[in-house]
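What follows is a set of notes on a single structure, which appears directly below.
The values are calculated or read from the model by the stated rules, or taken from the named source; none is laboratory data. Note that the structure is a prediction, hence the values are computed from the model and not measured. Note that each Cβ is placed from the backbone with ideal geometry, even for glycine, and that neighbours are counted across all protein chains shown. These area figures cover heavy atoms from the full protein model, side chains too; ligands, DNA and RNA do not enter into them. Shrake-Rupley method; radii C 1.70, N 1.55, O 1.52, S 1.80 Å.
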Amino acid sequence: AGPGQAAMYAGLQELGVANGEDLKETLTNCTEPLKAIEQFQTENGVLLPSLQSALPFLDLHGTPRLEFHQSVFDELREKLLERVSAIALEGKVEERYKKLEDLLEKSFSLVKMPSIQPVVMCVMKHLPKVPEKKLKLVMADKDLYKACAVEVKRQIWQDNQALFGDEVSPLLKQYILEKENTLFSNDISVLHNFFSPSPKTRRQGEVVQKLTQMIGKNVKLYDMVLQFLRTLFLRTRNVHYCTLRAELLMSLHDLEISEICTVDPCHKFTWCLDACIREKFVDNKRARELQGFLDGVKKGQEQVLGDLSMILCDPFAINTLALSTIRHLQDLVGQDTLPRESPDLLLLLRMLSLGQGAWDMIDSQVFKEPKMEAELITKFLPMLMSFVVDDHTFNVDQKLPSEEKGPIPYPSTIPEAFTKFLQENRIACEIGLYYILHITKQRNKNAFLRLLPALVETFSDLAFSDIFLHLLTGNLTLLGDEFALEEFCTSLFDGFFLTACSRKENVHRHVLRLLLHLHHKVAPAKLESLQKALEPTKQSGEAVKELYNQLTEKLELRKPSPAEVTETPSMELPLPTVPTPASR
């Protein structure tokens, strides 16, 4: 018997059951092999008197004994598996588990025997507490560990954080990678962007589902995952870990796992915020609820602010709060109301501030709400409202009959204070960037070109972050026709994108994504100079090189063939000049 067969019979000897080795020994030491085989069959066969006469009948049909024994064995194993699952549900709790424990004790020595292993695994799966000794044996054997059910693995994991970390780590890497792939996706659209999927859809993602299943109802494992997420967020500052923190809690909420939801102090806050994210707006009723949770943090429980700030730091939460802030500001313009007079607006700023301060709070372990700078409310937001007013005034002016003085030009300068706020104040910067996304989405080219210079230097380079550039490139598709104009392209590319391309690989990627999508709209001379400026260097990563090659291929296809070039002039007939009323 080779090593494979040895595994087949693993553990039989301990139970006093003869195996292949015993048969080999018997045959080696006997004088009459056929008799010895017959005796071995009688002693170890199925001990049913009525069967003895039936077996020769099978022989007549040419059915090998192995096939017969195998089918009996399979049948019995299925019955036993069904019985184990039934025992796990019947009778008093102590009694049912006692039966299963006895069964495990008897069968565990056969756990490495492939044919019996499923039964042993099934018994362990139904035991809420597998004996420590057995768990250690399973843990020590890679194949056994792999084969056991998640219910058993949970019992192993809860006392082995490192092993659990090894299981969770690849899932977290996959999650971050999926988020980054979405942000850098080649499909640029204003309708389908990073924030389009609903919270419920996102929670169906593979990683969230796997983690939810690994945790089950085990609070200890849930706490471990949260600890991993906090640690990784601190180490990398990657905000996608905050998204996963919220998605995981809401996934357990969907499954009504009260064992975990009732002990997570963020549950109700996250649930309420989740509804706002679904609507992409914080309405008055939910604003009151969220405020109630924040005001309800008691003395001695301030640590919960660390968790709440992480929930609010989720980009989906920030997106919802920022969009709601812009909407509120527009409403205030219509109502002639100042920002400081709007409690709803102040609450949005409070939550933005808590979310943006998450990293500092968890890092410093000082759990108190960040102080709001008065100037944000008294100076910066009124300045944004004045931009909204400028647009209204300009639009009304355009409609008025033109006087002798000619049309009023659109204001081109920006207050120095605006640029300063974007550089020095994180919340102001976030709101300013969302205002710029808002005017781009409205196809407001004038306002966009006016404010664009302020984006070159922003707080912690937020204007060059992936989420902002992903949204901006999507919204710019609405201004597609402007790309034919030299002035627009110079402002956008030379004045903004190219200032950071060489020092920030991600910006290089986003510009190439945008050009892949809009190259046919860009004036040919500008396109040529951009192609030169965006050429990858030796230090450029694979993604940049790949995108640049795709763009080059597209531009090659667009170039007319030499034959077409010579014919072009004859096709361009001069247009008859028609006098227009303006030229009288």
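So, in the range 328-386, of the ones that are in a helix (DSSP H, G or I) and hydroxyl-bearing (Ser, Thr, Tyr), which residue ends up least open to solvent (accessible area, probe 1.4 Å)?
Ser353
Return the residues of the range 94-133 that are under 13 Å from Gln155 (Cα atoms), in a helix (DSSP H, G or I) and open to solvent by 20 Å² or more (accessible area, probe 1.4 Å); say none if nothing qualifies.
Residues of the range 94-133 that are under 13 Å from Gln155 (Cα atoms), as a first pass: 124-133.
Next cut, in a helix (DSSP H, G or I) only: 124-125, 132-133.
Of everything in the range 94-133, those that are under 13 Å from Gln155 (Cα atoms), in a helix (DSSP H, G or I) and open to solvent by 20 Å² or more (accessible area, probe 1.4 Å) turn out to be Lys125, Glu132, Lys133.
For the range 221-278, name all the residues that are touching a residue at least 40 places away in the same chain (Cβ under 8 Å) and not in a helix (DSSP H, G or I).
The answer is Arg237, Asn238, Val239, Leu255, Ile257, Val263, Asp264, Pro265, Cys266.
Filter the range 148-162 down to residues that are under 12 Å from Lys136 (Cβ atoms) and open to solvent by 40 Å² or more (accessible area, probe 1.4 Å) and give me whichever is farthest from the chain's Cα centre (by Cα).
Asp159
Quick one: which residue in Lys153, Lys98, Lys129 is at pLDDT 90 or above and of a type in the set (Lys, Arg)? Steps first, answer last, please.
Details: Lys98 fails: at pLDDT 90 or above; Lys129 fails: at pLDDT 90 or above.
Answer to the selection: Lys153.
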